[in-house]
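The values are calculated or read from the model by the stated rules, or taken from the named source; none is laboratory data. Quick caveat, the model's predicted, so the values are computed rather than measured. Note that we place each Cβ from the backbone using ideal geometry, even for glycine, and neighbour counts take in every protein chain shown. These accessible areas exclude ligands, DNA and RNA; they are computed on the full protein's heavy atoms, side chains included. Shrake-Rupley method; radii C 1.70, N 1.55, O 1.52, S 1.80 Å.
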Amino acid sequence: MLMKKTNLALGGAALFLTWNLLLLLFLWSRPASQNLPENPQKPLEGDPKLLPAQLLQLAQDAESQLRLQRDLLLQIQKLHRLRRQKTPKPPQISPSPAAGEEEEEEEEDPAVIPVLVLACDRSSVRRCLDKILRYRPSARRFPVIVSQDCGHAETAAVIASYGRAVAHIHQPDLSDVAVPPEHRKFQGYYRISRHYRWALGQVFRTFRYRAAIVVEDDLEVAPDFFEYFQAVLPILRRDPSLWCASAWNDNGKEGLVDAGKAELLYRTDFFPGLGWLLLAELWDELEPKWPAAFWDDWMRQPEQRRGRSCVRPEVSRTMTFGRKGVSHGQFFDQYLKFIKLNDRFVPFTQMDLSYLKKERYEPLFLQQVYSAPEIKLEELQKETGKDLGAVRLQYRGRDSFKALAKALGLMDDLKSGVPRAGYRGVVSFVCRGRRVFLAPPSDWTGYDPSWS
């Protein structure tokens, strides 16, 4: 497309120059008119009486030709503008598609959402990148940027093996981070936070994208990963009560989700991470106060969340295979390795997702929760079947919540008082084939940060 625009501009310039040369030749070789003296041997300048008339005639002819040139130039400029308007502005990074991936024709002005993959010293990043490149529908609309920290040579070689299918950028500061003495064993968390800040700065400041999907190098994505994010992006842009969309369900273990309802999406007050979409406007807000460490728990604090929610799916669109890491496998053996990864394609972009807007979602969700009959844990554990309908388990404090969550196989930790996957204190999941709402009393007034 750039070549076509260049050819058009050069063609217009050549036409303009050719027209001027023809005009010059015309005026230079112009034959004598009826106002010239009868004696052709007598030069024009030899007859002062005829000179003003000849100059006036030449000026009139030149003016006429200049008008024609102006009209021609205006037509060229108009055509050039039309061609430029029909051509989508290319992204700042536009790597070539992976081998076997065809680049299709795009509709006008599609949203470009880069995938930022944060990598360090896992050569298994290949598993992450293979699935991303396999499932992305367009290399132009979803450019992949791999930001590598650590300087690990083997991992760098794996990333480089993808050639132009990915853009490989390197965190320039590989030094240790100065940490308080009591946090010496958490040096890795400080380096991760520093890397996140630098990498997101590259995406939003250097490359100037307006949105981005953040993925770590130990995640595998589902077949409809891109379809999901493409569909929720407009909702995220229009609803200021949302600040992110995540591919992850913290309680997405097999048996706790309805795999047959993979199209279900929810609002959650808990920041899930693990494959998430944010807008440039949010980075404008977060960058100046970005924390030195533990960035994900920092995101879950009331000062950052500011009452906003994220979108999350019933069935996760990512799963983690990274037991090794700075957390030393915390939660991995008990929860994370059992997360159900969606395996069927849901055409989210063809669905009406406006129900996720707060003014529509909240009253319907709360009505569904508090109209469900309240039962005890013992009753739930005895009965089985979807046909029995949704039920509600009620908790009345932190200890009550943690005891019920642990008994049901849910993640029982709270961050700033917010339960994982919770919305207005309610955690929705499936138990023994039934929809269950683990909920506070209906007069709930908000989260208590002391519950953390």
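Just to verify a result, which residue in the stretch 319-343, among those that are modelled with pLDDT of 95 or more and more than 22 Å from Asp412 (Cβ to Cβ), is surrounded by the most Cβ atoms within 10 Å (Cβ to Cβ)?
So the residue we want is Asn342.
Hey, does the stretch 277-287 have a residue that's open to solvent by less than 30 Å² (accessible area, probe 1.4 Å), outside the structural domain of Ala119 (by the TED database) and among the aromatic types (Phe, Trp, Tyr)?
no
Within the stretch 174-293, considering only strands (runs of 3 or more DSSP E) that don't extend past its boundaries, which have at least 3 residues that are not hydrophobic (A, V, I, L, M, F, W, C)?
The strands (runs of 3 or more DSSP E) meeting that bar are 265-268.
So Asp399 fits all but one of (1) at pLDDT 95 or above; (2) over 15 Å from Cys431 (Cβ atoms); (3) surrounded by 12 or more Cβ atoms within 10 Å (Cβ to Cβ); (4) among the charged types (D, E, K, R); what number is the exception?
(3) is the only condition that Asp399 fails.
I'm trying to understand the selection: among the residues of the stretch 294-310, which are exposed (fewer than 13 other Cβ atoms within 10 Å of the Cβ) and assigned to a loop (DSSP other than H, G, I, E, B)?
The answer is Arg306, Gly307.
Got a number for residues in the stretch 176-216 being modelled with pLDDT under 95 and either surrounded by 18 or more Cβ atoms within 10 Å (Cβ to Cβ) or among the basic types (Lys, Arg) (or both)?
Residues that pass the stated criteria total 2.
Which one is least open to solvent (accessible area, probe 1.4 Å) among residues in the stretch 232-268 that are more than 24 Å from Thr384 (Cβ to Cβ) and either over 23 Å from the mean Cα position of the chain (by Cα) or of a type in the set (Lys, Arg) (or both)?
Arg267
Pairs only if they're at least six apart or on different chains, beta carbon under 8 angstrom, first in the stretch 250-270 and at positive phi, second surrounded by fewer than 21 Cβ atoms within 10 Å (Cβ to Cβ) and small (Gly, Ala, Ser); list them, first residue then second.
From residues that are at positive phi, the pairs are Gly255/Gly409.
I'd like to check something: does the stretch 92-114 contain any residue that is open to solvent by less than 20 Å² (accessible area, probe 1.4 Å) and at pLDDT 85 or above?
yes
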